[in-house]
Amino acid sequence: MTHLLIKLFVRDSKNTSSEKVRIAYGNLSSVVCMVVNLLLAAAKITAGALSGAISVLADGLNNLSDCGSGAVSFAGFRMAAKPADKKHPFGHQRSEYLAALIVAMIIFVLAAELLIESVSQLVTPVTESVWSVLSVAVLSASIVVKLWLFLFNRSIAKRVDSQVIKATALDSLTDCLATLAALIAVIVSRFAGVNIDGYMGIFVALFIAFAGVGVFRETIGKLLGEAPDPEITKKIRERIFMHGGVIGLHDLMVHSYGHKYYASVHVEVDSKMPMMQGHDLADTIERDFACNTDIVLVVHLDPIVTYDPKCNACRELVEKIVKEIDPSFGVHDFRMVDGISHTNLIFDVAIPFESKLSPQEVKEQIVRRVREYDKNLYAVPTIERNISE
């Protein structure tokens, strides 16, 4: 069914880097969700009203709110597709994150209303059975439909890497479990003679709220600027090293704007490389990323002295000392400045955020160990956090 819908409504479906294709996927996901949830809401509200089962009625209201989520998703995708302008030079792709936040808020409101209603029923319990063949049939069918909707949205989210569709998929999965809880309440009421409708309503409310927290936390992380996916940085590194003349790279910074990435990197080259050749190399790398990826890359060249035996020996010494302190540390931007009485070794050390040593402690250890090796060597390290991995 998923492949059939994509084939019917998304032209050039494999070209997910195209804005038109992304919009088509977003529209398809939103419209399918709205139609399916509207039908489920109508069926459940009717069944809940006829049987008096609050958990069934609440589950129907949940589906009704999901229609609103679909509308928000639709609007978010349309907004994200707007081209860059003077006030928004990086485009509007982060509008998808705002749409996902609105979906999370809708989930929270629904959970609160359901919790209040369920507690109210516990305070004033209903003793009669809420069994209804119609309720059982509707809830059973809903579980199957919602499971398909989860798989449908998950498939689309993976294709276009959309946060709001991921949130919609998760919402569909939680709906499966919420509906299952309502079904259990109806069955227990019939065969055990115990009305647990209010308790199951509370369970459903808490479960929905938990799902909302997950959506909210993940979306906020992207808006605040979380670390890039390691797979993205790996691909960037591999692609840069495909170009001849690259000795190494460091200070890779990646910022995401929806599915669009902006990055900068320091590329190490031989210090003997002519300026025009180095400029051409930087242009070639930037053009390669612009033409063949969704990454806008800015390259800064760092000249590395490779022909001076003393400089090479000092660099190897520093790298050895730093790796002894912690194998996860990295050294870059190394240069040596000879003086009359001593030699300065100037370099940067990148340490991960999870390091137990503070930057000051790392610096003190490096300076001390270099001096212990040779009193004429002075280490001048700059300690920085590794933000690229």
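The values are calculated or read from the model by the stated rules, or taken from the named source; none is laboratory data. Only a predicted model underlies this, so the values are computations on that prediction, with no experimental measurement involved. FYI the Cβ positions are ideal-geometry reconstructions off the backbone, even for glycines, and counts take in every protein chain you see.
Just checking, how many residues over the range 90-116 are out of contact with any helix residue (DSSP H, G or I) (no Cβ under 6 Å at 6 or more places or on another chain), assigned to a helix (DSSP H, G or I) and more than 20 Å from K166 (Cβ to Cβ)? It would help to see each step written out before you state the result.
Here is the first cut: in the range 90-116, the ones out of contact with any helix residue (DSSP H, G or I) (no Cβ under 6 Å at 6 or more places or on another chain) are 90-91, 94, 98, 105, 109, 112-113, 116.
Applying the additional criterion that residues be assigned to a helix (DSSP H, G or I) yields 98, 105, 109, 112-113, 116.
Then drop every residue that is not more than 20 Å from K166 (Cβ to Cβ), which leaves 109, 112-113, 116.
Adding up the residues that qualify gives 4.
Please enumerate the residues belonging to the range 15-26 that are at pLDDT 85 or above and either out of contact with any Asp or Glu (no Cβ under 9 Å at 6 or more places or on another chain) or over 20 Å from T168 (Cβ atoms) (or both). The answer is Y25, and nothing else.
Annotation for the range 357-376: no member residue is within 27 Å of P230 (Cβ to Cβ) and touching a residue at least 60 places away in the same chain (Cβ under 8 Å). For the range 306-332, the set of residues classified as surrounded by fewer than 17 Cβ atoms within 10 Å (Cβ to Cβ) and under 33 Å from the mean Cα position of the chain (by Cα) consists of K323, D326, P327, S328, listed by residue number.
Consider V21 carefully, then state whether it is under 24 Å from the mean Cα position of the chain (by Cα) and buried (at least 16 other Cβ atoms within 10 Å of the Cβ). Yes; evaluated as a whole, the condition is true for this residue. When we screen V72, V35 for residues that are of a type in the set (A, V, I, L, M) and more than 30 Å from L134 (Cα to Cα), the only hit is V72.
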